[in-house]
Amino acid sequence: MRMVLIMVVVAGLGACAHGRPAPQTLAGMHESADWANEDGDVLQTALQRTVAHLARDGGRAAALLQVNAAGYECTYGEAHEDYPEPAAVCTRSFASRACQFDWEVTITSDPARPDSIDSADAGFRRDCVGTARDWPEPVISAIDDGLARAEPPDPVRSKLETPLPDMYQGPIF
């Protein structure tokens, strides 16, 4: 009984030491990550691990279904007699008020084994207002200068520019 209790405690401590549990799907990975604020290297590593996991477990067709379910749009190379299943390059983009996010997953298959995966690669880019949170490198873009702060309205001026009600707009006797 003690041995079982010790094993449960050790397993629990091990789970806590590694942070949150790894998502089981690519869609789950997208939902669980804070893409605007987390460290880019950590997010990149988590994305690559998730894509490697889905590539390893289900074959090409299952991997592409999961990629599509996560909101990616795929384009395919041309099939060839040496490569009957062309490479898939899948992209997803999302913009918030603060950042533009772009993800890419590339899957190639082994020509000798149908529905296999020869390689699976993933990456993402983040372009935020300013350049401090851009990833993997700072990007000077329209988002940086297109959202300049507006001056607060002047309350005195806005009252002067308010039109008079209709009853004050007629002739005065």
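Considering only region 57-107, state which residues are of a type in the set (Ser, Thr, Tyr) and within 22 Å of PRO136 (Cα to Cα).
First pass over region 57-107, keeping only residues of a type in the set (Ser, Thr, Tyr): 72, 75-76, 83, 91, 93, 96, 106.
Within region 57-107, TYR72, THR91, SER93, SER96, THR106 qualify.
For SER93, only one of the following conditions fails: (1) within 22 Å of the chain's Cα centre (by Cα); (2) in contact (Cβ under 8 Å) with a residue 12 or more places away in the chain. What is its number?
The single condition SER93 does not satisfy is (2).
Among the candidates THR45, THR91, single out the residue that is among the hydroxyl-bearing types (Ser, Thr, Tyr), outside any helix (DSSP H, G or I) and modelled with pLDDT of 95 or more. Lay out the reasoning, then the answer.
Working: THR45 fails: outside any helix (DSSP H, G or I).
None of the others qualify; the one that does is THR91.
For region 122-139, give me each residue that is under 20 Å from ALA46 (Cα atoms) and under 15 Å from the mean Cα position of the chain (by Cα). Working first, answer last.
Residues of region 122-139 that are under 20 Å from ALA46 (Cα atoms), as a first pass: 122-127, 133-137.
Residues satisfying the conditions are ALA122, GLY123, PHE124, ARG125, ARG126, ASP127, ARG133, ASP134, TRP135, PRO136.
For the subset of region 44-65 comprising residues that are of a type outside the set (Ser, Thr, Tyr) and buried (at least 21 other Cβ atoms within 10 Å of the Cβ), which member is farthest from GLN100 (Cα to Cα)?
Going through the qualifying residues, I end up with ARG60.
Need pairs with beta-carbon distance below 6 Å; first residue within 21 Å of ARG56 (Cα to Cα) and within region 118-134, second assigned to a strand (DSSP E or B); sequence gap 6+ or separate chains.
ASP118/THR108; SER119/THR108; ALA120/ILE107; ASP121/THR106; ALA122/VAL105; GLY123/GLU104; PHE124/TRP103
Kindly indicate whether any position in region 140-162 is of a type in the set (S, T, N, Q), modelled with pLDDT of 95 or more and within 17 Å of GLY40 (Cβ to Cβ).
Just the residues of region 140-162 that are of a type in the set (S, T, N, Q), to begin with: 141, 158, 162.
Adding the requirement that they be modelled with pLDDT of 95 or more leaves none.
The answer is no, given that none of the residues of region 140-162 is of a type in the set (S, T, N, Q), modelled with pLDDT of 95 or more and within 17 Å of GLY40 (Cβ to Cβ).
Quickly run through region 98-115 and pick out the residues that are surrounded by fewer than 20 Cβ atoms within 10 Å (Cβ to Cβ) and at pLDDT below 90.
ASP110, PRO111, ALA112, ARG113, PRO114, ASP115
I want to confirm something. Restricting to region 1-42 and keeping residues that are modelled with pLDDT under 50 and in a loop (DSSP other than H, G, I, E, B), which single residue is surrounded by the fewest Cβ atoms within 10 Å (Cβ to Cβ)? Walk me through it before giving the result.
Taking region 1-42 and keeping what is modelled with pLDDT under 50, we get 1-18.
Next, from what is left, pick out any that are in a loop (DSSP other than H, G, I, E, B): 1, 18.
Working: MET1: 5, HIS18: 8.
Once the filter is applied, the top-ranked residue is MET1.
Looking only at region 27-72, count every residue that is within 21 Å of ASP127 (Cα to Cα) and touching a Pro at 6+ places or on another chain (Cβ under 8 Å) and tell me the total.
5
Tell me, please, whether a residue that is surrounded by fewer than 12 Cβ atoms within 10 Å (Cβ to Cβ) and either at positive phi or within 15 Å of the chain's Cα centre (by Cα) (or both) can be found in region 67-84. Let's see the steps before the verdict.
Restricting attention to region 67-84, the residues satisfying the condition of being surrounded by fewer than 12 Cβ atoms within 10 Å (Cβ to Cβ) are 69, 73, 75, 78-82, 84.
If we keep only those that are either at positive phi or within 15 Å of the chain's Cα centre (by Cα) (or both) as well, we get 69, 73.
Yes, some residue in region 67-84 is surrounded by fewer than 12 Cβ atoms within 10 Å (Cβ to Cβ) and either at positive phi or within 15 Å of the chain's Cα centre (by Cα) (or both).
Would a scan of region 69-78 turn up a residue that is polar (S, T, N, Q) and modelled with pLDDT under 95?
No: region 69-78 contains no residue that is polar (S, T, N, Q) and modelled with pLDDT under 95.
The values are calculated or read from the model by the stated rules, or taken from the named source; none is laboratory data. Just so we're clear, the structure is a prediction, and the values are computed from it rather than from any experiment. Positions of Cβ are generated from backbone atoms using ideal geometry, with glycine treated the same way; all protein chains shown enter the neighbour counts.
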